[in-house]
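Participant: Starting off with a structure, shown below.
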Amino acid sequence: MENLRLAAKRVIANGGSSGIDGQTVEQFAARLEENLQRLQRQLRSGSYRPLPLKRVWASKDGTSEMRPLGVPTVRDRVVQTALMLVLGPVFEPDFANCSYGFRPGRGCHDALRQVITLLEQGYVHVVDADITKFFDNINHITLLSLIKDKVQEEWILRLIRAILKTGVLEGSVVTDPGLGTPQGGPSSPLLANIYLNPMDHHMEEKGCKLVRYADDFIILCLTRKQAEDGRKTAEEWLSTVGLSLHPDKTRTVEVNQSYGFDFLGYRFQSDLRSPRPKNIQKLKVNLWNRTRRSGNRDPEKVVGDVNQVLIGWWQHFQLTNKPQPFLELDAWIQGRIANLRSLRKGRNRNTNIKHITRKLFQLSKAFKTAQYDEGFVGSKTA
């Protein structure tokens, strides 16, 4: 029960939309103990069955492509989270050092700092890899075989099978997936790490410098030949588990002689790193929608809303080492705030604008401050 309570706490904190049963996080939380006791009885008796996922389509950054997501019900998210809280510590000790995604004590910045370190050491020939529809093509038999190496309890294996076999409701039709994991559910990240962990170890044994975050990975090498060999090694291993590298999206580049490569939202080019243009454009669209001139919103509240977005954005992109994108964004954002209709109607417009824009979180100021915080930006002292 304590594990279910901890899982429920995480699901409630994450929020999110309802599944096909329409139950919201707030409704589940309102009768928390009753719902958890019912789940525990179902899990103990073996009568628990996950409901079909709700199909949601999410746009891919900077493209017209749509990514299919499956949203579990709140109660199923609680069960998946509780299961991952148990399975995570079982598999964590065997995960390779080159894997950074969704692991305790590790995150995006750790992966990015490793990339920075390797580039500084001369590993400038990079395989920018993209696995074709990774989450859609995970083989259930292979995945369960990897799990069975560590887990012998049959009821847990049955539960994992049930999660993998959960259908997706789209319209009035439920499709039965023969492959893949429920992308959008709490179990998906850990299952992805379990599936790709053998590749991590295989690449390390071959001497490849791999940095992986979930299904997003790059291979860094000293020479072009090593990079081509590394790509071939990855392709050969992926083919053994029914996966492949996307032929159009996987590239081999030399960082110093091209526009570089993108990884975890950053563009690496020569010795510079900055937010990739797609992420800057996505931020602008987000802020443009929050600062529309229509209506009569309180400018103070608009700035508070904008600051929340900017601080989160800065937290991810604080490893940028050139200020220009931040300077340009600061100027653009101040212009958006200054054009709010509620400000333009004010009697003392200029004073209002100065008063309000002074409260904006400045990306460029945060960047300048970070330069004096040893080890905050860069990798040499991190």
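The values are calculated or read from the model by the stated rules, or taken from the named source; none is laboratory data. Since this is a predicted model, take the numbers as computed values, not measurements. All Cβ positions, glycine included, derive from the backbone under ideal geometry; neighbour counts span all protein chains shown. Please note that ligands, DNA and RNA were not included when accessible areas were found on the heavy atoms of the full protein model with its side chains. Shrake-Rupley method; radii C 1.70, N 1.55, O 1.52, S 1.80 Å.
Participant: For Glu205 and Gln281, what is the calculated FRET efficiency with R₀ set at 41 Å and r taken between the beta-carbons, to the nearest 0.05?
Facilitator: E(calc), rounded to 0.05, equals 0.55.
Participant: I'd like the Karplus ³J(HN,Hα) series for the range 65-73: coefficients 6.51, -1.76, 1.60, θ = phi - 60°, whole numbers in Hz, and an x wherever there's a Gly or Pro.
Facilitator: 6, 10, 9, x, 10, x, 9, x, 5
Participant: Carbon and sulfur together cover what percent of the accessible area of the range 93-210 at a 1.4 Å probe radius?
Facilitator: Looking at the range 93-210 in its full context, I get 51 percent from C and S.
Participant: Using modelled amide H (1.01 Å from N, peptide plane; none on Pro or chain starts), what sits under 5 Å from the amide H of Lys209, excluding residues fewer than 5 places away?
Facilitator: Here Leu220 satisfy the definition.
Participant: Using only the alpha carbons of the range 39-169, determine the length spanned along each of the three principal axes and report them from longest to shortest in whole angstroms.
Facilitator: 57, 39, 25
Participant: Given the C-alpha centroids of the range 144-164 and the range 74-130, what is the distance between them in whole angstrom?
Facilitator: What the calculation gives is 22 Å, centre to centre.
Participant: Ignoring ligands, DNA and RNA, what accessible area per residue does the range 224-344 give at 1.4 Å, in Å²?
Facilitator: Per residue, the range 224-344 has an accessible area of 51 Å².
Participant: Expected output is a single nm value to one decimal: the length gained when fully extending between Asn289 and Glu120, i.e. 0.36 nm times separation in residues minus the C-alpha distance. What is it?
Facilitator: Fully extending the segment from Asn289 to Glu120 adds 56.9 nm.
Participant: Ignoring everything except DSSP H segments at least 4 long, calculate the 222 nm mean residue ellipticity for the chain; use -39,500 (n - 2.57) per segment, divide by total residues, nearest 500.
Facilitator: Per the formula, -15500 deg cm²/dmol.
Participant: While we're on this one: Roughly what percent of Cα-Cα pairs across the range 30-101 reach past 18 Å?
Facilitator: 61
Participant: Where does the Debye-calculated log10 I(q)/I(0) of the chain sit at q = 0.06, 0.07, 0.09, 0.12 Å⁻¹, using only Cα point scatterers of equal weight, no solvent?
Facilitator: Calculated log10 I(q)/I(0) at the listed q: -0.29, -0.40, -0.66, -1.09.
Participant: Residues of the range 101-188: accessible area per residue at 1.4 Å, in Å²?
Facilitator: I get 46 Å² per residue for this part.
Participant: So how do Arg293, Arg161 rank on accessible area, 1.4 Å probe, biggest first, that is with the largest at the start?
Facilitator: Largest accessible area first, the list is Arg293, Arg161.
Participant: Here's something else I'd like to know. Please get the size of the charge dipole for the chain, origin at its Cα centre, with Cβ charges of +1 on Lys and Arg and -1 on Asp and Glu, quoted in debye to the nearest 20.
Facilitator: 2100
Participant: Still on this model: Between Lys150 and Ser47, what length in nm is gained on full extension when 0.36 nm per residue of separation is reduced by their alpha carbon distance?
Facilitator: Once the chain is fully extended between Lys150 and Ser47, it gains 34.6 nm.
Participant: Label-point separation (nm) for Thr369 and Thr132, each offset 7 Å from Cα along Cα-to-Cβ?
Facilitator: Those two pseudo-labels are separated by 4.8 nm.
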